[in-house]
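Working notes, structure below.
The values are calculated or read from the model by the stated rules, or taken from the named source; none is laboratory data. If you're wondering where the values come from, they're calculated on a predicted model, not measured in any experiment. Neighbour counts run over all protein chains shown; Cβ positions are idealised from the backbone, glycine included.
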């Protein structure tokens, strides 16, 4: 008899109360669902390879999907859209049953926890598809919330993508500007040096002068060799000997004159050897060459950054847009009543076994 009474109070009565609540008092709740993916590099990451890269942490779209999820659940977004949509007023409306609605005197933390429960977000790492669901007491309100969340998530993804691309491009442009400035300065230094020395290409001019002296010295050696050869059998007063001697003197004089041109004097009277000038000029040319290569490298880096920015561009692509449902999915009347019955029955059975065990040991 006692078992029957306890069974009634602990199993039948809660089941009856739950049945009355679900059938007569439980407010209808509408579930609005939308699905989207994060596109990256102009490709929708819905293939298996994209899923595997996401699982290993290499998928930028997967990271963006998780960022979007946390953003939708964030307190900041809740405050922002609550002002325009009146979310708190909707879920605290006394027209709906007290069990399902939010308490009218709930703190913001309780409101945020409630929001966390009514918003469903699931990201499938294999397909890359994110499912966003909203539960509301009216189909229109749930639809407007889902549309707003989708728009906010898309704006956040676009903002993150644009910021990343702008940062990489800005750095590449800055490096290119610096390299361009260095190249301009190096070229200007070479131009100033040429104007000061009044030579278009001091290096080539020097090379030509060295070749002239080398040619003269070669002719001088030949003339001296020939003079030594004919002096053994010809008189010094002969025309041939005198002609060679005059040629040798002229060559020596010309060589001395050419070598004097290797030393220059500036406006202050300071002397500078040709080798020093060439050394200074070569240093300027080296700086100019390095600056040109740095500029070319920076230009290539900018182009690479542009291509990478295009490939890394991310944006939200809606697969299944939000819709107005024809009927309320919740509450699940049969499932709810059955859950109460099974839960009550399980607790009653455990309690009965414990009481029986205690009695047996007494």
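For this structure, a couple of remarks:
- So residue 192, is it more than 19 Å from residue 257 (Cβ to Cβ), in the same structural domain as residue 252 (by TED's automatic domain parsing) and modelled with pLDDT of 70 or more: yes
- Strands (runs of 3 or more DSSP E) within the stretch 263-327 that include 1 or more residues in contact with a strand residue (DSSP E or B) (Cβ under 8 Å, 6 or more places away or on another chain) and modelled with pLDDT of 85 or more: 314-320
- Filter pass, residue 357 being more than 30 Å from residue 180 (Cβ to Cβ) and exposed (fewer than 12 other Cβ atoms within 10 Å of the Cβ): yes
- Boolean, residue 148 is surrounded by 18 or more Cβ atoms within 10 Å (Cβ to Cβ), farther than 25 Å from residue 97 by Cβ and touching a helix residue (DSSP H, G or I) at 6+ places or on another chain (Cβ under 7 Å): yes
- Among the residues making up the stretch 226-262, those that are within 17 Å of residue 214 (Cα to Cα), at pLDDT below 80 and assigned to a helix (DSSP H, G or I) are 255, 256, 257, 258, 259, 260.
- Look at (1) surrounded by 13 or more Cβ atoms within 10 Å (Cβ to Cβ); (2) free of Cβ contacts under 8 Å to residues at least 24 places away in the same chain; (3) in contact with a helix residue (DSSP H, G or I) (Cβ under 9 Å, 6 or more places away or on another chain) and you find that residue 162 fails only one, number (3).
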